[in-house]
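Structure first, then comments.
The values are calculated or read from the model by the stated rules, or taken from the named source; none is laboratory data. No experiment lies behind these values; they were computed from the predicted model shown. Heads up, the Cβs are rebuilt from the backbone with ideal geometry, glycines too, and the neighbour counts pull from every protein chain shown.
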Amino acid sequence: MGRSVRLKSFELVARDIREVDVKLLHALSLAVGWPHRPKDWDFLRRAGQGIVAVDGIGRVFGSAMWFPHGRKFATIGLVLTSPRTQAQGTGRWLMEQVFERCGNRNLTLNSTDAAYHLYLSLGFMKEAVVYLWQGEVASSLPAVPVLDGELMSPSAEDLKEIAALDERAFGTSRQKLLALLSEGASICTLSRGGEIVGYSMKREFGRGHVIGPIVASNDCDAIHLTAVHLKELTGRFARVDTREQTGLFADYLQQSRLGISETVTTMSKGKRFLNRKENEPWVYGLAGHAVS
Ligand SMILES: CC(C)(COP(=O)(O)OP(=O)(O)OC[C@H]1O[C@@H](n2cnc3c(N)ncnc32)[C@H](O)[C@@H]1OP(=O)(O)O)[C@@H](O)C(=O)NCCC(=O)NCCS
């Protein structure tokens, strides 16, 4: 009897991500070292659409999700294949399925290093780097600049104004995603002259809390909108995904003892995604690396 055996290859089929047990999705993200909890997957399945690559006995070997915002735009995330099956074509096949389902929408995503060449070969262009700042928040937080405006907890009616501000910063309306995020988040707004000029959300995610989205027109406003949440998280794990590596906002994160743990690359296919303008609202903190 030989000491080795060659296994027969098996076929994977695409199924709707809502049809599988969340435990299988959790096992998939754990296998690639991602911090998503089953709850995080549940949230993502409510916020977007997705497919999984499943074998004949229901085991999940890969996933890909897309989050359409209107008819012209979608973000892509949660593109994962289990280590055992990587570099055998599953990732590319999943992306081709996503393209079919997204039609001719403009697309954006945040690519890990592992996926970068795959996305380049699929026609995505590099736009910016995203820094994943995270860690246990310092027990005593750094001083903040003078506040220009008023920080408040928004009322339900303010959500419309928040969504309109977010659209100016993000480039597309993502009202549905913001409504879902707001269900489980604490939200802070910054108002000047009776108008909301910035907002931020904090919610549970992965190993602790994520602060994002953070939308503001300058670093000082962004610091205040972040500090409000960090104050409640001293000694606990927090994460901010941002395109800021230097400057007052990045310095503030660093002085709060968050550190850059990883970088990912914002890429787009079709129309360019990012369009930063001085003194205009800008997404300082992403809603999350997977949802942009
Ligand atoms: C990135 C990932 C989804 C690719 O999936 P996959 O099933 O290996 O993809 P494919 O087999 O279709 O390979 C696609 C291309 O990427 C290359 N590739 C795969 N893994 C790679 C790696 N770790 N580093 C560099 N290139 C890699 C393949 O060689 C292939 O190139 P080719 O078509 O020119 O030969 C998978 O490696 C993964 O899940 N990684 C961990 C999670 C992650 O980073 N997800 C991406 C989120 S943006």
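Within this structure, Ser268 fails the test of being surrounded by fewer than 22 Cβ atoms within 10 Å (Cβ to Cβ), free of Cβ contacts under 8 Å to residues at least 24 places away in the same chain and small (Gly, Ala, Ser).
The residues in region 28-85 that are free of Cβ contacts under 8 Å to residues at least 12 places away in the same chain and either under 21 Å from Ser268 (Cβ atoms) or among the aliphatic types (A, V, I, L, M) (or both) can be counted, and the count is 2.
Does Arg101 satisfy the criteria of being at negative phi, without any contact (Cβ under 8 Å) to a residue 40 or more places away in the chain and either not assigned by TED's automatic domain parsing to the domain that holds Val20 or not hydroxyl-bearing (Ser, Thr, Tyr) (or both)? It is false that Arg101 is at negative phi, without any contact (Cβ under 8 Å) to a residue 40 or more places away in the chain and either not assigned by TED's automatic domain parsing to the domain that holds Val20 or not hydroxyl-bearing (Ser, Thr, Tyr) (or both).
Rundown of residues vs (1) in contact (Cβ under 8 Å) with a residue 60 or more places away in the chain; (2) more than 23 Å from Thr108 (Cβ to Cβ); (3) touching a helix residue (DSSP H, G or I) at 6+ places or on another chain (Cβ under 9 Å), yes/no style:
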| site | (1), (2), (3) |
| --- | --- |
| Leu159 | no, yes, yes |
| Lys176 | yes, no, yes |
| Ala216 | yes, no, yes |
| Ala238 | yes, yes, yes |
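Mind telling me which of the residues Ser191, Ser186, Ser155, Ser139 ends up being under 20 Å from the mean Cα position of the chain (by Cα), farther than 18 Å from Leu248 by Cβ and hydroxyl-bearing (Ser, Thr, Tyr)? It is Ser186.
Scan region 188-204 and tell me whether some residue there is in contact (Cβ under 8 Å) with a residue 60 or more places away in the chain and loosely packed, with under 14 Cβ neighbours inside 10 Å. Checked region 188-204: no residue is in contact (Cβ under 8 Å) with a residue 60 or more places away in the chain and loosely packed, with under 14 Cβ neighbours inside 10 Å. Of all residues in region 216-238, which are surrounded by 21 or more Cβ atoms within 10 Å (Cβ to Cβ) and either modelled with pLDDT under 95 or outside any helix (DSSP H, G or I) (or both)? Within region 216-238, Ala216, Ser217, Ala238 meet the criteria. Taken across region 165-181, residues that are among the aromatic types (Phe, Trp, Tyr), in a helix (DSSP H, G or I) and under 21 Å from the mean Cα position of the chain (by Cα) do occur, with at least one present.
Every residue, every condition in (1) over 25 Å from Glu183 (Cβ atoms); (2) out of contact with any Pro (no Cβ under 8 Å at 6 or more places or on another chain); (3) polar (S, T, N, Q); (4) assigned to a loop (DSSP other than H, G, I, E, B), yes or no:
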{"residue": "Arg203", "(1), (2), (3), (4)": "no, yes, no, no"}
{"residue": "Val240", "(1), (2), (3), (4)": "no, yes, no, no"}
{"residue": "Gln245", "(1), (2), (3), (4)": "yes, yes, yes, yes"}
{"residue": "Gln254", "(1), (2), (3), (4)": "yes, yes, yes, no"}
{"residue": "Thr265", "(1), (2), (3), (4)": "yes, yes, yes, no"}
{"residue": "Lys271", "(1), (2), (3), (4)": "yes, yes, no, yes"}
{"residue": "Glu280", "(1), (2), (3), (4)": "yes, yes, no, yes"}
{"residue": "Gly288", "(1), (2), (3), (4)": "no, yes, no, yes"}
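Here Phe249 passes the criteria (1) in contact with a Phe, Trp or Tyr (Cβ under 7 Å, 6 or more places away or on another chain); (2) outside any helix (DSSP H, G or I) except the one numbered (2).
Per the listing Gly58, Gly2, Gly33, the residue uniquely within 16 Å of the ligand (Cβ to nearest atom), part of a loop (DSSP other than H, G, I, E, B) and either outside the structural domain of Glu96 (by TED's automatic domain parsing) or at positive phi (or both) is Gly33.
Within region 106-137, no residue satisfies the criterion of being within 7 Å of the ligand (Cβ to nearest atom), surrounded by 21 or more Cβ atoms within 10 Å (Cβ to Cβ), assigned to a helix (DSSP H, G or I) and not aliphatic (A, V, I, L, M). Being touching a Cys at 6+ places or on another chain (Cβ under 8 Å) and either of a type in the set (Asp, Glu) or away from the ligand (no atom under 16 Å from the Cβ) (or both) is the requirement here; does Leu258 meet it? No; evaluated as a whole, the condition is false for this residue. Considering each residue of region 74-105, count those that are under 21 Å from the mean Cα position of the chain (by Cα), within 8 Å of the ligand (Cβ to nearest atom) and hydroxyl-bearing (Ser, Thr, Tyr), and give that number. The number of residues fulfilling the criteria is 2.
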